[in-house]
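The values are calculated or read from the model by the stated rules, or taken from the named source; none is laboratory data. Quick caveat: nothing in here was measured; it's all calculated off a predicted structure. Cβ placement follows ideal geometry from the backbone for every residue including glycine, while neighbour counts extend to all protein chains displayed. Each accessible area value is taken on the protein alone, full model and side chains, heavy atoms only, with ligands, DNA and RNA left out. Shrake-Rupley method; radii C 1.70, N 1.55, O 1.52, S 1.80 Å.
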Amino acid sequence: LPPSFSSLPFLLSLSLCFSLFLSFSFPPSLSLYASHWLNIKIIIQELINRDHHVSILVPSTSLFITPGDIAAANFEVYSVPFTKEEFNSLITDLIKLWWNNKPSMTTFYRFYQELGKLMEKANKLNRQMCEAVLSNQELMSKLKNAKYDVLLSDPVMQCGDLIALKLNIPFLYTLRFSPASVVERHCGKMPAPPSYVPAALSGFTDKLSFGERIKNIISYYVQDYVFQKYWGEWDSYYSQVLGRPTTLCEIMGKAEIWLIRTYWDFEFPRPFLPNFEFVGGLHCQPAKSLSEEMERFVQSSDEHGIVIFSLGSLVQNLTDEKNNIIASALSQLPQKVIWRYKGKKLEMLGANTRTYDWIPQNDLLGHPKTKAFITHGGTNGIYEAIYHAIPIVGIPLFADQIDNIIRMKAKGMAVELDIHTMKAEDLVNAVNTVIHNALFKKNALKVSEIHHAQLIKPLDRAIFWIEFVIRHKGAKHLQVAAYHLTWYQYHCLDVIAFLIGCTVVIAFIVFKCCSYCFRKCGNILQKSKTD
């Protein structure tokens, strides 16, 4: 144990080496890095509050993590051979790709053609990050000498698991999802029957028609191909680093626990494994008081209440034309509106609307005067709306946001709008619908009750499993035997082949026996007729 805890013999002393590399493996990750850090930051702070020692491994080009952001944590900053501008341009290009070529039957080929080019760049940056740590003997020696107990990593990028193996410590993952759950299915061995489990990013619910089941299966196979094509090259790198033949999935499968940032208030019912634990909404908390200026504005709404509008941390404002359409719509509402917006002054901005560079979103959603939440559909914002039971008007922009809003629509607490075709009256009607149709508030309360009815709070559950892995040096007893099966054993193809072979042999023997009997009988009958 670290020296700082050697005098506390009865206190579980956790040294957590958290490895968060802000890079890309799949397009949906581009909208989530700031929110990834928000969730991880909450976990780290709670670990520190419980007297654990936490070290954070972060590249010098990180856009969202500022060394010293958590006073009691130790930040290990390592240099990488690229700039923040290069990394930021990758994010911008990925957003533009999704915005201009949203995957569909007509844009499918172009989308994946352009994605391939960006993935080459992303993998290059990711590889440089890996080598910046693994080839830094001084840093690796320092990490080994610290005798860490566990590593927490986000599998949206590579190498956190490699570092854990090099340090000879167990590791956990924290993630929202991967496209078509390809990582969870192939590396985590999580079952996903395509007949009722919609592939992530497919835009389907769990009630699939025949045509949707066809598209759903195709979605699974397409993402499997994309995974192998863009992530397959990591197999050779992992083999090189570990000095033995291996694959990316084999190493990822060694994760002790997968902390999934959703829950059954959000997910459709589906099978999960015992080492997959839900921690969705761990960042949510009761609302705090607003600033005096903001509180006065909220109170001035009288009986109409307020509407909150935010498009998240990466896309804070759209084109001038689209922003003015939104501003025009908001000006027609009787409610006061608080809009997270950073840009030039809008011509159509109404007197009932105030814009802020940043807003205390959770505190506003928890305010008793809040009537509706207009959002892009980021997972963190969705969970804050669930926590405080606020109906949603969803304007998904890209990536998993579409799936998130579809889930909220299926649960009856949201209305969806298309940002590309939306008119001012569409937004006005949508807001009025979720506010004045009591069914939306009723369903929001029901979903919120499901979230609050958990025996263990999401944050406590995350901390419990991190500490569990420390105490027991892992959680191998929760890993299914599928980790040790080949692909054909997993699907019982060898058993099916054996049974088919047995059936063919038995059928052949029966056929031959029957043929023999028929010939004998025929000969006997023919002989009797001759006699």
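Residue separation times 0.36 nm, minus the C-alpha to C-alpha distance between Asn136 and Ala71: what's the value? Working shown, then result.
Values: separation 65, 0.36 × 65 = 23.40 nm, distance 2.57 nm.
Once the chain is fully extended between Asn136 and Ala71, it gains 20.8 nm.
Longer than 20 Å from Cα to Cα, which of Lys96/Lys121; Lys41/Lys411; Lys371/Lys411; Lys288/Lys344; Lys41/Lys476 are they? Say none if no pair is.
Details: Lys96/Lys121 15 Å; Lys41/Lys411 29 Å; Lys371/Lys411 18 Å; Lys288/Lys344 30 Å; Lys41/Lys476 27 Å.
Flagged as over cut-off: Lys41/Lys411; Lys288/Lys344; Lys41/Lys476.
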Worksheet item: lysines near Lys512 by alpha-carbon distance under 25 Å, same-chain residues fewer than 8 away left out - which ones?
Response: Lys520, Lys527
Practice prompt. Compute the distance in nm between two label points, each set 7 Å from the Cα along the Cα-to-Cβ direction, one at Ala482 and one at Lys121.
Written response: 3.6 nm
Worksheet item: From Cα coordinates alone, what are the radius of gyration and Dmax values for segment 290-347 in angstrom?
Response: 12.4, 33
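With each run of n ≥ 4 DSSP H residues scored as -39500 (n - 2.57), what mean residue ellipticity at 222 nm is computed for the chain after dividing by its residue count and rounding to the nearest 500 deg cm²/dmol? Before the final figure, lay out the partial values.
Details: 19 runs with 249 residues, N = 531.
When only DSSP H runs of four or more count, the value is -15000 deg cm²/dmol.
Could you do me a favour and compute the accessible area per residue for the chain, 1.4 Å probe, result in Å²?
Working: 24400 Å² over 531 residues.
Per-residue value: 46 Å².
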Worksheet item: aspartates and glutamates near Lys124 by alpha-carbon distance under 19 Å, same-chain residues fewer than 8 away left out - which ones?
Response: Glu85, Glu86, Asp93, Glu114, Asp154, Asp161, Glu233, Asp235
Worksheet item: Which three extents, in whole angstrom, do the alpha-carbon atoms of the chain cover along their principal axes, largest first?
Response: 117, 61, 46
Fill in: Longest to shortest principal axis, alpha-carbon extents of segment 208-347, angstrom
66, 39, 35
Worksheet item: Where the accessible area of segment 122-221 is counted over protein heavy atoms with a 1.4 Å probe, how much of it, in %, is carbon and sulfur?
Response: 52 percent
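If you add up the charges near Leu125, with Lys and Arg at +1 and Asp and Glu at -1, over every other residue whose beta carbon is less than 15 angstrom from its beta carbon, what do you get?
Details: positive: Lys84, Lys117, Lys121, Lys124, Arg127; negative: Glu85, Glu86, Asp93, Glu120, Glu131, Glu233.
Charge balance near Leu125 sits at -1.
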Fill in: Positive-end residue, the chain charge dipole about Cα centroid, Cβ charges, pick of Ala327, Ile435, Trp487
Trp487
Fill in: Table column - 3J(HN,Hα) (Hz), segment 195-202, Karplus curve with 6.51, -1.76, 1.60, x for Gly and Pro
6, 9, 9, x, 5, 4, 6, 7
Worksheet item: Roughly speaking, what is the stretch gain from Glu212 to His304, that is 0.36 nm per residue apart minus the C-alpha to C-alpha distance, in nm to one decimal?
Response: 29.0 nm
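How long is the gain from Ile506 to Ser79 if the chain were fully straight, where each residue apart is worth 0.36 nm and the alpha carbon distance is subtracted? Before the final figure, lay out the partial values.
Working: separation 427, 0.36 × 427 = 153.72 nm, distance 6.73 nm.
Extending this stretch completely gives an extra 147.0 nm.
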Worksheet entry | Alpha-carbon radius of gyration plus Dmax, which is the widest Cα pair, for segment 212-264 in Å | 14.9, 44
Item to complete: Extending each Cα 7 Å along its Cβ direction at Cys517 and Lys423, get the distance between those two points in nm, one decimal.
Response: 7.8 nm
Response to the item:
Rounded to a whole %, the carbon-and-sulfur portion of the accessible area of segment 412-480 at a 1.4 Å probe is 58 percent
Worksheet, complete the sentence: Once both label points are put 7 Å beyond Cα along the C-beta direction, the Ala146-Lys288 separation in nm becomes 2.7 nm
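Just how large is the dipole of the chain about the Cα centre, in debye to the nearest 20, putting +1 at every Lys and Arg Cβ and -1 at every Asp and Glu Cβ?
Values: 53 positive and 47 negative charges, 329 e Å.
Magnitude of the dipole: close to 1580 debye.
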Discussion item. Where in the chain is the longest stretch that carries no GluC sites (Glu not before Pro) classed as loop by DSSP and with at most 16 other Cβ atoms within 10 Å?
Written reply: 1-232
Worksheet item: Once you mark the trypsin sites (Lys or Arg not before Pro) that are in a DSSP loop and have at most 13 other Cβ atoms within 10 Å, what is the longest gap between them in the chain?
Response: 51-146
Worksheet entry | Ordering of 218-227, 492-501 by packing [mean C-beta count within 10 Å, highest first] | 218-227, 492-501
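Using a 1.4 Å probe on the protein chains only, how many percent of the accessible area of segment 328-369 belongs to carbon and sulfur? Intermediate results must be reported in sequence, preceding the final value.
Numbers: 1050 of 2100 Å².
Whole-percent figure for carbon plus sulfur exposure: 50.
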Worksheet item: Remind me, relative contact order of the chain in percent, using alpha carbon pairs under 8 angstrom and six or more residues apart?
Response: 13 percent
